[in-house]
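No value in this document is a laboratory result; all are computed from the given coordinates. Since the model is a prediction, treat every value here as computed from it, not as a measurement. A quick note on method: Cβ atoms are made from the backbone with ideal geometry, for glycine too, and the neighbour counts reach across all protein chains shown.
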Amino acid sequence: MGDIAAQLHFDPADLTRLSSAVQLGFIAGTLIFAILSIADRFSPVKVFFSCAIISALINLGASINDMTFGGLMLFRFSTGFFLAGIYPVGMKIASDHYRQGLGKSLGFLVGALVLGTAFPNLLISIAIPLSYKIVIYITSLLSALGGVAMLLLVPDGPGRKQGQKLSFSGFLSGFSDPQFKAAAFGYFGHMWELYAFWVFVPVILKFYKEHNAAADYNVPLLSFLIIASGSISCVVSGFISQKIGVAKTATNALLISCICCLVSPLFFFSNTTEAFIAFMFVWSMAVIADSPLFSTLVAQNAPEASKGSALTIVNSIGFAITIISIQLISSLRTSTNAWYIYTLLAIGPVFGLVALSGNKETDPIT
């Protein structure tokens, strides 16, 4: 995004708006997909494939020469819109295949999401300078290949209920269940922190490097490694949940990430680069470890007939929350409060922990 801003002479302050445009598109897409019960009424695999191809094509629009800021915002919004048919629908497909051990399977799925999120940073970090257009071409190609792989290699799961009727309010039915509500609210608190952390990882690394002469690292490469390390914790948390339960594992991970928010200034002020980097890895692994587990709890407690729509609307609300936290940090962050501002991310985990503490039976299946 920084390269696009420089090439097209956009204001650097517009970068967070471009990131939020994708989120807004995803929110709009998930809301419409949920209202229309797309993932429940149609083959989830075909929905996934179609949206992967469409979003790949739209993503290419960001490479058009002499793009206006408004035009780029539209392309980013549209890309996010069709991502609504990939992430929550992918979880629906997994839940249809795995009646037991869903936490472990979603651990791998969300781990793949984390790698995909981190991947552009890896492309930027390689020794050969890449135009931002090349990055767009590669990510679009991978999106299309992912859709084709899903269509050819993954059938609809045996747990899928076919022929669901259109219900404009069916996606809200899960919220009448206290266990579903507790799991969803835990997820909302988690989302307040997650994407804001990911967006600001490169910013934090760059700021630390500028203020510590001894710090010598490749910011994009380290950003990739830090964010990508979360894929490991997703898989590990899935296996741990098999031993101690999904809800307990998710709660512990949310508590650890909350603590990381609160103690972050201690490590940001550290003159020991190794300690700072180690902390960033710990925070990155904690911040995402609970994500597949909250999705597991939502899926397990959702009504069978509207499971796909329930996952989709929870995603929609969760991503709406990410825009608020990202824009809040971006608007309040200054050079004088840069090391303290991220403690505000603890608001989400605290909210989630309170929601979970109010319901002790959010883990019906281990």
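Values for this structure:
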item	result
Stokes-Einstein diffusion coefficient of the stretch 224-366, Kirkwood radius over Cα pairs, 37 °C, 0.692 mPa s, in µm²/s	200 µm²/s
Neighbour net charge for HIS9 - beta-carbon separation under 13 angstrom, K R +1, D E -1	-4
Net +/- balance of residues flanking ILE86 in space, Cβ distance below 14 Å, scoring K and R +1, D and E -1	+2
Hydrodynamic radius by Kirkwood, which averages 1/r over all alpha carbon pairs of the stretch 42-95, in angstrom	11.8 Å
Neighbourhood net charge (15 Å Cβ-Cβ; Lys/Arg +1, Asp/Glu -1) for ILE54	+2
Shape of the chain, Cα gyration tensor, a/c cut at 1.5	oblate
Over 32 Å between alpha carbons, listed pairs LYS248/LYS307; LYS133/LYS161; LYS104/LYS209	LYS133/LYS161; LYS104/LYS209
Chain lengthening between ASP156 and HIS97 when straightened (0.36 nm per residue, less Cα-Cα)	20.5 nm
Cut-off 14 Å (backbone N to label point 7 Å along Cα→Cβ of ALA6), residues of the stretch 216-236	219-220
Quarter of the Cα convex hull surface for the stretch 1-144, i.e. its orientation-mean projected area (nm²)	9.3 nm²
Mean Kyte hydropathy of 0.0 or more with a Cα span along the axis of at least 30 Å, helices from DSSP in the chain	15-35, 102-125, 132-153, 178-210, 219-244, 246-268, 307-332
Theoretical gain in end-to-end length, LEU57 to THR343 [0.36 nm per residue, Cα-Cα removed]	99.1 nm
Value of relative contact order over the chain, rounded to a whole percent, pairs C-alpha under 8 Å and six or more apart	28 percent
Theoretical ellipticity at 222 nm over the chain - DSSP helices of four or more residues, -39500 (n - 2.57) apiece, nearest 500	-24500 deg cm²/dmol
FRET efficiency for ARG41 and PHE239, using Cβ-Cβ distance with R0 set to 30 Å, rounded to 0.05	0.35
Extension reserve of the ILE324-HIS211 stretch, reckoned as 0.36 nm per residue once the Cα distance is removed	37.8 nm
